[in-house]
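What follows draws every value from the coordinates through simple rules; no lab data is involved. Note that the coordinates shown come from a computational prediction; the quantities given were computed from them, not determined experimentally.
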Amino acid sequence: MKKRHGAEQIVAKLRQADVELGKGLKVPEVCKQMGVSEQTYLQVEDQVWRDGPADGQAVAGYGRSRTRG
């Protein structure tokens, strides 16, 4: 069975990814560190930016930078 993350965990992972991307890592490297597929990361990130987090938390100060490689 697949492991599902709660909204708070997803936001935390996206913030962690943003920090790592800010350090110059590329999306595939960050995804490998977090243990998620690149496709899943990009889909969830896009959904959060479109709809906002599922639990209504603001993602204030969250940069939109990503580098694929």
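Some observations on this one:
- Across the stretch 30-40, rounded Karplus estimates of 3J(HN,Hα) from the backbone phi angles (6.51 cos²θ - 1.76 cosθ + 1.60, θ = phi - 60°) give 5, 4, 5, 4, 7, x, 10, 6, 4, 4, 5 Hz, Gly and Pro being marked x.
- The alpha-carbon of K3 sits under 23 angstrom from the alpha-carbons of these lysines, leaving out residues fewer than 8 places away in its chain: K13, K32.
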